[in-house]
Each structure stands twice: as structure tokens, then as C-alpha cells.
Amino acid sequence: MSLNSFGHLFRVTTWGESHGPALGAVIDGCPPGVAIDESALQQWLDRRKPGQSKYTTQRREADEVEILSGVFEGKTTGTPIQLMIRNTDQRSKDYGDIAEKFRPGHADITYWQKYGIRDYRGGGRSSARETAARVAAGGVARAALDALAPGLSITGYMVQMGPHQIDRSRFDVAEIEQNPFWVPDAQAAEDWAGYLDGLRKSGDSTGAVIEVTAKGAPPGLGAPVYGKLDTDLAAAMMSINAVKGVEIGDGMAAAALTGSANADEITMGPDGPVYNSNHAGGILGGISTGQEIVVRFAVKPTSSILTPRKTITKTGEETEIVTKGRHDPCVGIRAVPVGEAMMACVLLDHLLLHRGQVGGAGGKIG
């Protein structure tokens, strides 16, 4: 079973563990001739890497990506691309105390129940460290999208930390990269700093909600009924470690609307259809409309905390656990570039699927 892979034509397989010698990705199906090099991928990994502020894990990893195959003279060849990121700052001894115990809220217990063996050093494959490989693969997808769909842009940001939400009346795209939380609201960033600082010092953690948007995506991506664009987007976001919920457009809030309020009215503009709202999140019937695509996902609080929690051992004895080591008080912070990468991979995959099935045969309006 190939359960460490995702995508259809643009297919990504990630490999490696949190405390192994390296981790990485194999990408199959990338079109040839796409300009790419290690520096182009590194810019995205630098946004995700740990230790960049006191609000993330203090594990010091350079996250330097190496391209081992599939690129020649700065361009993709159409053959499999192998990416590798070496682990250089593991402290496996921090996990010695939990080798026989299960962290509440963590995949420790389910990995053991499924496989009968688990890599307790940092959580192995269940660690957020696995997402570095996704970000590297997303960098390849972004380069291909730049070539095939110029003008398409992907932006992620945090809209909620714990119980605290942004004020959308203060939404400022320019603010996103000016604070450690990727928040488009300067006041919220200031308020959240104090909130997270308190949790960090008390040995606790909190969750977050991330929103990822794609502007400039062409209409027609996705297919009925099991190949829906939003189906694959939801699966991609849900596959990110620690994600517990995904919404497209208004998501759950749409249940509270009337049909007349939810319907995105359409008028005719000089360049084609114009929608007066975007409750659907840019996707209707699983197919992109050409509007901004909006995806939102919820990340649970980090399970590795210093606050004592009741648990059991592998032999069934009741005990208490405190997780030492270097962990994110809010893993949602570093999930922002991961969500962007997954959006890029899914959109490229569906762009290639669309071109392969439909080509330029889509219906014209006006």
C-alpha cells in the first residue's frame, strides 16, 4: 500500500522520521523544463524551519534542501525529483522517559496499536517535522504553477489562535510577514504574543486556525464526483499532522445561512462572469469558478507539553507523563507555509489533470 503518497499526475511521496538521519520527498509527474534550483526551494523552507522566534520549538535545523535527481542544468527533466533534508539537531535523549508511555492527544498510542512498534524519538513520522518535506515539494509545485498559470498566487495566514480571532476589518496582507504568527492584523499579533508567552512559560500549548487562499486559479479545475477539487484540498489539509478540521469557503457557517444569502450572485463583467460574493470559496460542484479559492483548517494544541497528564504504559499501568524537549507552544504557526505548499501541490495536480482531459474545450461565456 502506498499510503505515504498523494496526488494523481503530480505525485508526492514523503519519507523519513523526525530523529532519523534525513527526511525528504520524491516527486513524480512534474512537467519538464521548469526552472528550479535549491535556492528557489530554500526560500519556502526558510519560512517553516524551527527556532526562528521564541514562539516556536528551539530545535535548530537549517532545513537545507538537496536536489538529488530530476533536475539538469537548472530545469526539471520530467523524471522523478528526489529531495533530501538532513536532520542535524536531534536530541533523542529528551524522549527516553516516554519510550514506555503514551502522550495523551498524540499518535503514540495508535502507532503502537497499529504496528506493534513505534519510533518514540520525536514521534517519528507523526512529528510535525515531516512537513518540511511537503514544503520542499510545494516549492517545486509553485515553480511549475509559475510557468503554467502565471498570475496565480497562494497566501496563507493565521486567523485564530486559541479562542482569539483576528478582526477582519483590520485585515492587512502586508502585515502577514511582519510578525511571528503570520497574522494579517497587527493588533491581534500584539495581543497574541502575550497570550502565547503565558502558555509557553506555564508549560502548556494552544491550537490555531489557518486560512489559505489562491488568487488567479483558472475556472474548470476539479471533476465530478470523486475528483472534486475541494475533496482533494480537504484531504491534503487534513493529512497535515495535528489538523483536526477543514472548511472550504464559509464551511460550517454556511449551515446557518438561507439559500438566498448563501447564493453567490453572478453578473457579467467585461472579462467574463463576476460573482458578488464568495460563500462557496471559489469552488462549485467540485470545480473551480475562477474566484479566489479559500480553505481553512484547524490545528490542535501541541501534545508534547510540560503540564503533567495522566496516561498508561505499554504494559497497561496507569502513570503520569511530562514531555521534555523542544516543542512548539502553538504548532499552527509553522503550519502556515505547510498549508500553502499543500494548496500548490493540489492545484498543480488538478491543472495537469484538466489539461490532460479537457485541454481547451471548456465552455465559453459571452
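The values are calculated or read from the model by the stated rules, or taken from the named source; none is laboratory data. Computed from a predicted structure; not experimentally measured. Cβ: placed from backbone, ideal geometry, glycine included. Neighbour counts: every protein chain shown. Areas reflect the complete protein model, heavy atoms only, side chains present, ligands, DNA and RNA absent. Shrake-Rupley method; radii C 1.70, N 1.55, O 1.52, S 1.80 Å.
The calculated P(r) of the chain, using every Cα pair and 10 Å bins from 0, goes 5, 23, 31, 25, 12, 3, 0, 0 in percent. Can you give me the Cα centroid spacing of the stretch 300-345 and the stretch 228-260 in angstrom? Using only Cα atoms, the two centres lie 23 Å from each other. Across the stretch 142-202, Cα-Cα pairs more than 19 Å apart make up 41 percent of the total. Once the convex hull of all Cα atoms in the stretch 214-303 is built, its volume per residue stands at 106 Å³. The residues of the chain expose on average 47 square angstrom of accessible surface per residue, using a 1.4 Å probe on protein heavy atoms.
Each Lys and Arg adds +1 at its Cβ and each Asp and Glu adds -1 at its Cβ; summed about the Cα centre, the chain shows a dipole of about 940 debye. Here the relative contact order of the stretch 222-366, from alpha carbon pairs under 8 Å that lie six or more residues apart, stands at 25 percent.
Legend: translational diffusion of the stretch 134-245 by Stokes-Einstein, Rh = Kirkwood radius over C-alpha pairs, 10 °C, 1.306 mPa s; D = 97 µm²/s.
Split the accessible area of the chain by element, probe 1.4 Å, and carbon with sulfur accounts for 53%. One compactness figure for the stretch 296-366 is 2.03, namely its Cα radius of gyration divided by 2.2 N^0.38 Å.
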